[in-house]
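Below: one structure, written as C-alpha cells.
The values are calculated or read from the model by the stated rules, or taken from the named source; none is laboratory data. Not measured: the values here are computed from a predicted model. Positions of Cβ are generated from backbone atoms using ideal geometry, with glycine treated the same way; all protein chains shown enter the neighbour counts.
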Amino acid sequence: MAFELMSLPFPKDSLGPTISARTLDHHHGKHHATYVTKLNEFIAGTPLEKQDLESIIKATANKTGTERKIFNNAAQVWNHDFFWNSLAPNGGSAPPEPIKKRLEASFGSFENFRDKFVEAAVGQFGSGWAWLVAKDGKLEITTTHDADNPLITSGYALWTCDVWEHAYYLDHQQNRAGFVKAVVEQIANWQFVGKRLAEAERK
C-alpha cells in the first residue's frame, strides 16, 4: 500500500509570522510531497512495499546504493510527519507544568533549555534536524545530519525542529537562530511533547 502525504494538522496560514503559508506551500506541498513520491517509487515491487515507515527506516539505515535512497526518503517522510506534529498555532510560551519540571530537571530552566536547543540547532552544520529526546530517564538535546533521526541514533524523539534551509529561508533568510527561537517560543506543540514523553516512559 503506497504511502500518502500527511495532511497538515493545522491551517496553512496559522503559524505566521514564524512559518508563513508561502513557506508551507513549498515545504509541505513540494519538499515533503516529493519525499513521499520518491519513497513509493523506490519500494514498489520490493519486500519493503508492505512494511511500515519505521521498519523501512531501520532496515535501510547505514546502507548504500538504492537502499540509501530509500532510507533518505523514508526518514524524511517520518521526520516531516513528526515536525508538523511538533507545531501548533498559538503554541510555544511556557510548557505545561509537568513538562516544565522535566525540562528544569534536565536543563536547569525552560530558558536554559531554549537557549541550548537554539545553540545546538545553529551548530548543526549544513542540513539536518535538532531534537529533544528522552534517554535513560533524562531529557537531552541532539542533532542529526540530513535525513538521520533518533530511530537510528539514540533516544526517544519527543520534539523536533527542521533546520534545512527550505524550512526557514523564505521567512527568516539566513537567521536560523531567530527561526528556531521563534519556533520554541511561538509554535511549539507541548501537548505533543507530553504525549511522546508518556509513550517513552511506557517503553
Going through the range 82-100 in order, the residues found to be closer than 16 Å to W159 by Cα, without any contact (Cβ under 8 Å) to a residue 60 or more places away in the chain and not in a loop (DSSP other than H, G, I, E, B) are K100
Spot the failing condition for I99; the list is (1) within 22 Å of I70 (Cα to Cα); (2) in contact with a helix residue (DSSP H, G or I) (Cβ under 6 Å, 6 or more places away or on another chain), and only one is missed.
-> (1)
Inside the range 130-146, can you point out the residues that are under 10 Å from the mean Cα position of the chain (by Cα) and touching a residue at least 40 places away in the same chain (Cβ under 8 Å)?
-> A130, L132
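Taking the condition of a type outside the set (F, W, Y), under 27 Å from I187 (Cβ atoms), surrounded by 14 or more Cβ atoms within 10 Å (Cβ to Cβ) and in contact (Cβ under 8 Å) with a residue 40 or more places away in the chain, does L24 pass?
Working: of a type outside the set (F, W, Y): yes; under 27 Å from I187 (Cβ atoms): yes; surrounded by 14 or more Cβ atoms within 10 Å (Cβ to Cβ): yes; in contact (Cβ under 8 Å) with a residue 40 or more places away in the chain: no.
Spelling it out, it is not the case that L24 is of a type outside the set (F, W, Y), under 27 Å from I187 (Cβ atoms), surrounded by 14 or more Cβ atoms within 10 Å (Cβ to Cβ) and in contact (Cβ under 8 Å) with a residue 40 or more places away in the chain.
Yes/no per residue for (1) buried (at least 19 other Cβ atoms within 10 Å of the Cβ); (2) outside the structural domain of N175 (by TED's automatic domain parsing); (3) hydroxyl-bearing (S, T, Y); (4) under 18 Å from L53 (Cα atoms):
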residue	(1), (2), (3), (4)
L103	yes, no, no, no
G108	no, no, no, no
E119	no, no, no, no
G123	no, no, no, no
V133	yes, no, no, no
K138	no, no, no, no
D148	yes, no, no, yes
Y156	no, no, yes, yes
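Please specify each residue of the range 162-176 satisfying the condition of being assigned to a loop (DSSP other than H, G, I, E, B), of a type outside the set (A, V, I, L, M, F, W, C) and in contact (Cβ under 8 Å) with a residue 12 or more places away in the chain.
We begin by selecting, within the range 162-176, every residue assigned to a loop (DSSP other than H, G, I, E, B); these are 163-164, 168, 173-175.
Subset that is of a type outside the set (A, V, I, L, M, F, W, C): 168, 173-175.
Selection gives Y168 alone.
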Is it the case that some residue within the range 182-197 is in a strand (DSSP E or B), under 20 Å from N112 (Cβ atoms) and not charged (D, E, K, R)?
-> yes
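Considering the range 158-181 alone, what residues qualify as being among the hydroxyl-bearing types (S, T, Y) and under 20 Å from N112 (Cα atoms)?
Within the range 158-181, the subset among the hydroxyl-bearing types (S, T, Y) is 160, 168-169.
Residue satisfying the conditions is T160 alone.
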Within the range 1-54, tally of residues that are of a type in the set (F, W, Y) and over 18 Å from the mean Cα position of the chain (by Cα) = 2
